[in-house]
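What follows is a structure written as structure tokens; I'll ask about it next.
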Amino acid sequence: MFAWLLAVIGRLLADTAAVVDALDLAHFREQPLEMGDMTTLEDIARVHTGWIIWRSDVGRWWATRRGAVDLEAIRRGCAMTLDADDPDGLAAALTAQEELTAEIVADLAPVVADSTTAG
């Protein structure tokens, strides 16, 4: 029912990611940091390259996923956008999302393998 809306949101995020990439932010991704070192927006962006990171004008920390998330992943807890009170909280939420995404991919791998060998 809302598939068209998810497609539009995914396209908008893909366009946003292209603009951010065009700004040549690759230097933020050169050196991974330890979790205890994450204190700035750039630090978080270096480690979590699949997300667009920003801080609101009221000081809240935000991240929006680059690209789309399918409906099953959303049902299982994946979020398109996260927020936190501070950079450490956002970094922890991003790490949790990446772990959840890895679990979902691992769960789907046997299904994809079965479908390719069945044909």
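Just to be sure I understand, how many residues within segment 53-65 are among the basic types (Lys, Arg) and either under 13 Å from GLN97 (Cα atoms) or crowded, with 17+ Cβ neighbours inside 10 Å (or both)? Quick ask: steps written out before the conclusion?
Of all residues in segment 53-65, those among the basic types (Lys, Arg) come to 55, 60, 65.
Now restrict to residues that are either under 13 Å from GLN97 (Cα atoms) or crowded, with 17+ Cβ neighbours inside 10 Å (or both): 65.
Adding up the residues that qualify gives 1.
Would you point out which residue out of ALA63, ALA68, ALA84 is touching a Phe, Trp or Tyr at 6+ places or on another chain (Cβ under 8 Å) and under 20 Å from ARG11 (Cβ atoms)? Talk me through it step by step, then tell me what you get.
Details: ALA68 fails: touching a Phe, Trp or Tyr at 6+ places or on another chain (Cβ under 8 Å); ALA84 fails: under 20 Å from ARG11 (Cβ atoms).
The conditions single out ALA63.
When the residues of segment 53-94 are narrowed to those that are assigned to a helix (DSSP H, G or I), charged (D, E, K, R) and touching a residue at least 12 places away in the same chain (Cβ under 8 Å), which ends up nearest to ASP43 (Cα to Cα)?
If we take residues in segment 53-94 being assigned to a helix (DSSP H, G or I), charged (D, E, K, R) and touching a residue at least 12 places away in the same chain (Cβ under 8 Å), then ASP88 is nearest to ASP43 (Cα to Cα).
Working carefully through the options THR64, THR49, THR101, THR16, find the one that is modelled with pLDDT under 90 and of a type in the set (Ser, Thr, Tyr). Even if it seems obvious, please write down each step before you answer.
Details: THR64 fails: modelled with pLDDT under 90; THR49 fails: modelled with pLDDT under 90; THR101 fails: modelled with pLDDT under 90.
Going through THR64, THR49, THR101, THR16 in turn, the sole match is THR16.
The values are calculated or read from the model by the stated rules, or taken from the named source; none is laboratory data. Keep in mind the model is a prediction, meaning the values are calculated, not measured. Cβ sites come from the backbone with ideal geometry, for glycine too, and all protein chains shown count toward neighbours.
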